[in-house]
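Participant: The following block contains the structure, expressed as structure tokens.
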Amino acid sequence: TPSKEGKMFIKALFDYDPNEDKAIPCKEAGLSFKKGDILQIMSQDDATWWQAKHEGDANPRAGLIPSKHFQERRLALRRPEIIVQPLKVSNRKSSGFRRSFRLSRKDKKTNKSMYECKKSDQYDTADVPTYEEVTPYRRQTNEKYRLVVLVGPVGVGLNELKRKLLISDTQHYGVTVPHTTRARRSQESDGVEYIFISKHLFETDVQNNKFIEYGEYKNNYYGTSIDSVRSVLAKNKVCLLDVQPHTVKHLRTLEFKPYVIFIKPPSIERLRETRKNAKIISSRDDQGAAKPFTEEDFQEMIKSAQVMESQYGHLFDKIIVNDDLTVAFKELKTTFDKLETETHWVPVSWLH
Ligand code: 5GP
């Protein structure tokens, strides 16, 4: 489906260097790109190699990139954590088929069996990030704001940044009110600190997929509902949400048009320098128990950020390194200003 003046654009969800690609017919003809780049498709005539150029590139010469189909299949075969399973085995001897598949995973050099597999449509490649068709989108003045999802490892300063943003303009930014099954404390009011509900209702809501995320703490449930996001947006506010990156997948709908910001730690050296006297709240369940950062906390933060970026990096719209808090906050502010006024690339599926 052509999106802009008959042109088709895709967002690359992986890094690509034709010089490292053994399968490309001619390395010089390849187009290199990075995760997040926007490419314009010039030709999809060939099933294996598409022709594309970088969006906005005045040079009319297109380069070769692996087609979605081709890339999905070879990536799925290389990544054992992705379930690659035959869906239809009726016209093959299933044991022989499985053996050839196992071989191709164990030995990456067995190209024969890889290409044999490529021909069939028997693999579940839903979780293999390759390309996503995108289209330019700009928020209209009367339109609801987009949901902004903040993700990042524990201790990176995400809550501090969120708090600064909220107090910078309380009319403009809003956060969700969580649900809980614990009893209301005397100074609390329903709908302010929490929405207080019964265990039975909470469980029913969980079953009906009403929650984005939930957890248990001291025999009570706590969770963030989808409706709580809706009610912030309905007040004509920007909704700030911090969740685990795996929940983002379910929020990527036309209704929320989530913009995902990854708050990334700086190098371990900079962490040691800048967080020397700071304290860490090690987890949601340890609220109030802030302790000075240890060397292990820094290592854990870096490790966790790396895992998040490699697993969910294709879902991030923006990466902000929180080295100096003031600088990171300025960058965050600028990001929000641009989000509300400039044109951004969003999946085509959001506009239909
Ligand atoms: P309290 O009962 O003292 O208000 O909070 C207990 C714990 O529940 C805290 O550690 C708090 O961070 C956690 N909590 C509050 N809201 C949510 C939520 O929406 N989801 C999850 N998973 N935990 C929450």
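The values are calculated or read from the model by the stated rules, or taken from the named source; none is laboratory data. Worth saying up front: this structure is predicted, and the values here are computed from it rather than measured. Backbone-built Cβ (ideal geometry, glycine too); neighbour counts: all protein chains shown.
Participant: Taking only pairs six or more apart or across chains, which ones have beta-carbon atoms under 8 Å, a first residue in the stretch 184-205 that is farther than 18 Å from residue 217 by Cα, and a second residue that is of a type in the set (Lys, Arg) and part of a loop (DSSP other than H, G, I, E, B)?
Facilitator: What qualifies is 190/184.
Participant: Which ones in the stretch 292-340 are buried (at least 16 other Cβ atoms within 10 Å of the Cβ) and assigned to a loop (DSSP other than H, G, I, E, B)?
Facilitator: 293, 316, 317, 322, 323
Participant: Still on this model: Failed condition for residue 256, given (1) assigned to a helix (DSSP H, G or I); (2) under 26 Å from residue 177 (Cβ atoms); (3) not aliphatic (A, V, I, L, M), with all others met?
Facilitator: (1)
Participant: Counting residues that are surrounded by 15 or more Cβ atoms within 10 Å (Cβ to Cβ) and at pLDDT below 95, which strands (runs of 3 or more DSSP E) fully inside the stretch 12-92 reach at least 1?
Facilitator: Numbers: elements: 38-43, 49-54, 63-66.
Here the list is empty.
Participant: Let me ask something else. Which of the residues belonging to the stretch 162-180 are among the β-branched types (Val, Ile, Thr) and near the ligand (Cβ under 10 Å from one of its atoms)?
Facilitator: Hits for the stretch 162-180 are 176, 177, 180.
Participant: May I ask you to say which residue of 128, 206 is buried (at least 18 other Cβ atoms within 10 Å of the Cβ) and not acidic (Asp, Glu)?
Facilitator: That would be 128, the only listed residue that is buried (at least 18 other Cβ atoms within 10 Å of the Cβ) and not acidic (Asp, Glu).
Participant: Does the stretch 252-274 contain at least one residue that is within 16 Å of the ligand (Cβ to nearest atom) and charged (D, E, K, R)?
Facilitator: No: zero hits.
Participant: Okay, next question. Looking at the stretch 231-250 only, could you name the residues that are within 13 Å of the ligand (Cβ to nearest atom) and among the β-branched types (Val, Ile, Thr)?
Facilitator: 243, 247
Participant: Same structure, new question: Conditions: (1) farther than 24 Å from residue 127 by Cβ; (2) assigned to a helix (DSSP H, G or I); (3) of a type in the set (D, E, K, R). Residue 249 meets all but one. Number of the miss?
Facilitator: (1)
Participant: When the residues of the stretch 181-203 are filtered to those that are among the aromatic types (Phe, Trp, Tyr) and more than 10 Å from the ligand (Cβ to nearest atom), which remaining residue is surrounded by the most Cβ atoms within 10 Å (Cβ to Cβ)? Reasoning before the result, please.
Facilitator: In the first step, residues of the stretch 181-203 are kept if they are among the aromatic types (Phe, Trp, Tyr); the result is 194, 196, 202.
Add one more test, that the residue is more than 10 Å from the ligand (Cβ to nearest atom), and what stays is 196, 202.
Details: 196: 15, 202: 21.
Selected residue: 202.
Participant: Go through (1) away from the ligand (no atom under 14 Å from the Cβ); (2) assigned to a helix (DSSP H, G or I); (3) polar (S, T, N, Q) for residue 228 and report which single condition fails.
Facilitator: (1)
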